[in-house]
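For reference, the structure discussed in these notes is given below.
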Amino acid sequence: MTLPGRTEHLVLPGVLSAEEAVETVAGILAVQRPDGAIPWFRGHHLDPWDHTEAAMALDAAGEHDAAARAYEWLARHQNDDGSWYAAYHDGDPAAVTDHGRESNFCAYIAVGVWHHYLATGDEAFLDRMWPVVYAAVEFVLGLQQPGGQIGWKREPDGTAVDDALLTGSSSVHHALRCALAIAEEREEPQPDWELAAGALAHAVRHHPERFLDKDRYSMDWYYP
């Protein structure tokens, strides 16, 4: 059980009380499966992006072992091309409910792995996860368009969707910066990733016409 003293730094007066912080972390731990998977809620699906966000919350609350189990779940169930599927029923890797592979979902592991390392200083963890992060980034950059934007997914049959979401591309940019930080920490520079991140940032800042219409995708108004 999470102790109140481990979540005191999460308190925001008028927004999140100490008691609510403890309850929130306890809720995530209650949902997490023994194999490390964190679905939205039991009986619903797991997607890799929200799974990683939940693991980051566990690290923020000092629940580092539980967070590490979440990342190990991703490592065990990564596809050969470096991706993950978009949805798994109740976090069951044998029960895929969406065989699409979304770029921002796959990139986000770099954010979580870097966050876990910053929270724990666990170099062995970083070493174990580096091949996983590397493969995920390479999958995602395979969807980058000539204008810098990132196509938002591959269909179940492998067809690349070239259309780009501002939301997804912004999330991918953050993930690329974290992946580069991991590479620097390991003294394994990735100049191609640097160039890809720069091209993506330029597209986000200066070329809104390269992304799908915001009228269709509401998260584009607030996520970036």
query = Which numbered condition trips up ALA21, out of (1) among the hydrophobic types (A, V, I, L, M, F, W, C); (2) at pLDDT below 95; (3) surrounded by fewer than 21 Cβ atoms within 10 Å (Cβ to Cβ)?
reply = (3)
query = Do the conditions hold for ALA136, that is, is it over 16 Å from the mean Cα position of the chain (by Cα), open to solvent by less than 30 Å² (accessible area, probe 1.4 Å) and at pLDDT 95 or above?
reply = no
message = Going by what's in this entry, would TRP84 be described as more than 27 Å from VAL11 (Cα to Cα), of a type in the set (Phe, Trp, Tyr) and either touching a helix residue (DSSP H, G or I) at 6+ places or on another chain (Cβ under 7 Å) or surrounded by fewer than 22 Cβ atoms within 10 Å (Cβ to Cβ) (or both)?
response = yes
remark   = Taking the range 105-128 and keeping only residues that are closer than 26 Å to GLN144 by Cα and either in a loop (DSSP other than H, G, I, E, B) or modelled with pLDDT under 95 (or both), one is left with TYR108
ask   = Could you say which residue among TYR108, TYR117 is in contact with a Ser or Thr (Cβ under 7 Å, 6 or more places away or on another chain) and either closer than 24 Å to MET56 by Cβ or free of Cβ contacts under 8 Å to residues at least 12 places away in the same chain (or both)?
value = TYR108
key: Flag for ASP47 being under 24 Å from SER171 (Cα atoms), of a type in the set (Asp, Glu) and at pLDDT 95 or above   = yes
query = If you go through the range 169-176 one residue at a time, do you hit one that is under 17 Å from CYS106 (Cβ atoms), not acidic (Asp, Glu) and not in a helix (DSSP H, G or I)?
reply = no
task = Among the residues of the range 25-67, write down those that are small (Gly, Ala, Ser) and either under 14 Å from the mean Cα position of the chain (by Cα) or open to solvent by less than 20 Å² (accessible area, probe 1.4 Å) (or both).
result = GLY36, ALA37, ALA54, ALA55, ALA57, ALA61, GLY62, ALA66, ALA67
inquiry  = For ALA199, only one of the following conditions fails: (1) out of contact with any helix residue (DSSP H, G or I) (no Cβ under 9 Å at 6 or more places or on another chain); (2) touching a residue at least 40 places away in the same chain (Cβ under 8 Å); (3) closer than 18 Å to GLY82 by Cα. What is its number?
reply    = (3)
task = Quick one: which residue in ALA94, ALA75, ALA110 is over 19 Å from ALA135 (Cα atoms) and either within 15 Å of the chain's Cα centre (by Cα) or open to solvent by 10 Å² or more (accessible area, probe 1.4 Å) (or both)?
result = ALA94
task = Return the total of residues in the range 183-194 being open to solvent by 70 Å² or more (accessible area, probe 1.4 Å) and either touching a helix residue (DSSP H, G or I) at 6+ places or on another chain (Cβ under 8 Å) or closer than 17 Å to ARG101 by Cα (or both).
result = 4
inquiry  = When you check LEU180 against the structure, is it open to solvent by less than 20 Å² (accessible area, probe 1.4 Å) and touching a residue at least 12 places away in the same chain (Cβ under 8 Å), yes or no?
reply    = yes
ask   = Restricting attention to the range 155-177, and to residues there that are closer than 25 Å to HIS116 by Cβ and aliphatic (A, V, I, L, M), which single residue is surrounded by the most Cβ atoms within 10 Å (Cβ to Cβ)?
value = VAL172
task = Give the number of residues within the range 85-99 that are outside any loop (DSSP other than H, G, I, E, B), in contact (Cβ under 8 Å) with a residue 12 or more places away in the chain and not polar (S, T, N, Q).
result = 4
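The values are calculated or read from the model by the stated rules, or taken from the named source; none is laboratory data. The structure presented is a predicted model; accordingly, all values stated were derived computationally and were not measured. Neighbour counts are summed over all protein chains in view; Cβ atoms, including those assigned to glycine, are modelled from backbone coordinates with ideal geometry. In case anyone asks, the SASA skips ligands and DNA or RNA and just uses the protein heavy atoms, side chains included. Shrake-Rupley method; radii C 1.70, N 1.55, O 1.52, S 1.80 Å.
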